[in-house]
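Have a look at the structure below, then the notes.
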Amino acid sequence: MSELVLSGIRATGRLHFGNFLGAVQNFVKFQQADNTCLYFIADWHTLTTLDNPEELRGNLIEIVKDYIAAGLDPEQSIIYSQSSVPEISELCLYLSMIQPLGELERVPTFKDLIRKNPDNVNLGLVTYPVLMAADILGPKATLVPVGEEGAKC
């Protein structure tokens, strides 16, 4: 059965060997099957912790090059930047209207980030999970590769 596979990587820097082993080599495998594969660079997610637009733009381009060098084929997979799909931000806005703030503030990753950097608690960090949901729900992904296995949606 074919899947709509979706995954993304934050544009915090060039990809490294860990990215390749943990994610990208699986991305390549998924494109070999009868799947529709969407792989994005999560530039909006990156903005929660990286505030240099020039660095972000450069990282975005380098990650696309790394994706292709690692074996992602633009003829078999769709590679895009998160910000190139404005419907994602619109869906995030709608989802945020029904998401209780208290639940977002209890997310362990959020708690850890504010503990490490209390001077940079921005709304993007709080709504990060809502944006992730929009990333997945927008294209109606059925498989989201995380770690060794993918999460079935």
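The values are calculated or read from the model by the stated rules, or taken from the named source; none is laboratory data. Since the model is a prediction, treat every value here as computed from it, not as a measurement. Using ideal geometry, Cβ is built from the backbone for each residue, glycine included, and neighbour counts are taken over all protein chains shown.
May I ask you to list the residues in the stretch 14-24 that are within 14 Å of residue 71 (Cα to Cα) and surrounded by 13 or more Cβ atoms within 10 Å (Cβ to Cβ)? Result: 15, 19, 20, 23, 24. Given the conditions (1) over 18 Å from the mean Cα position of the chain (by Cα); (2) more than 18 Å from residue 6 (Cβ to Cβ), which single one is not true for residue 47? The number of the failed condition is (1).
For the stretch 82-121, taking the residues that are of a type outside the set (Val, Ile, Thr), touching a Gly at 6+ places or on another chain (Cβ under 8 Å) and farther than 27 Å from residue 17 by Cβ, the one that is surrounded by the fewest Cβ atoms within 10 Å (Cβ to Cβ) is identified as 87.
Test of understanding: among 136, 79, which residue is touching a residue at least 12 places away in the same chain (Cβ under 8 Å), part of a strand (DSSP E or B) and surrounded by 15 or more Cβ atoms within 10 Å (Cβ to Cβ)?
Just one listed residue meets the conditions, 79.
Filtered by the rule that a residue be in contact with a helix residue (DSSP H, G or I) (Cβ under 9 Å, 6 or more places away or on another chain) and closer than 16 Å to residue 78 by Cβ, the stretch 1-27 gives 3, 5, 6, 7, 8, 9, 24, 27. Can you find even one residue in the stretch 51-65 that is part of a helix (DSSP H, G or I), of a type in the set (S, T, N, Q) and under 23 Å from residue 125 (Cβ atoms)? Within the stretch 51-65, one or more residues are part of a helix (DSSP H, G or I), of a type in the set (S, T, N, Q) and under 23 Å from residue 125 (Cβ atoms). Residue check: is residue 118 without any contact (Cβ under 8 Å) to a residue 60 or more places away in the chain, closer than 28 Å to residue 26 by Cα, out of contact with any Phe, Trp or Tyr (no Cβ under 7 Å at 6 or more places or on another chain) and not hydroxyl-bearing (Ser, Thr, Tyr)? Answer is no for this residue. Among the residues of this structure, residue 31 does not count as one that is loosely packed, with under 14 Cβ neighbours inside 10 Å and either modelled with pLDDT of 95 or more or in a helix (DSSP H, G or I) (or both). Of all the listed residues (72, 91, 104), the sole one being in contact (Cβ under 8 Å) with a residue 40 or more places away in the chain and either touching a Ser or Thr at 6+ places or on another chain (Cβ under 8 Å) or part of a helix (DSSP H, G or I) (or both) is 91.
For every residue, the table says whether it meets (1) among the hydroxyl-bearing types (Ser, Thr, Tyr); (2) at pLDDT 90 or above; (3) surrounded by 13 or more Cβ atoms within 10 Å (Cβ to Cβ).
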position: 4; (1), (2), (3): no, yes, yes
position: 8; (1), (2), (3): no, yes, yes
position: 36; (1), (2), (3): yes, yes, yes
position: 53; (1), (2), (3): no, no, no
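Would a scan of the stretch 13-30 turn up a residue that is of a type in the set (S, T, N, Q) and under 12 Å from the mean Cα position of the chain (by Cα)? No, that holds for no residue.
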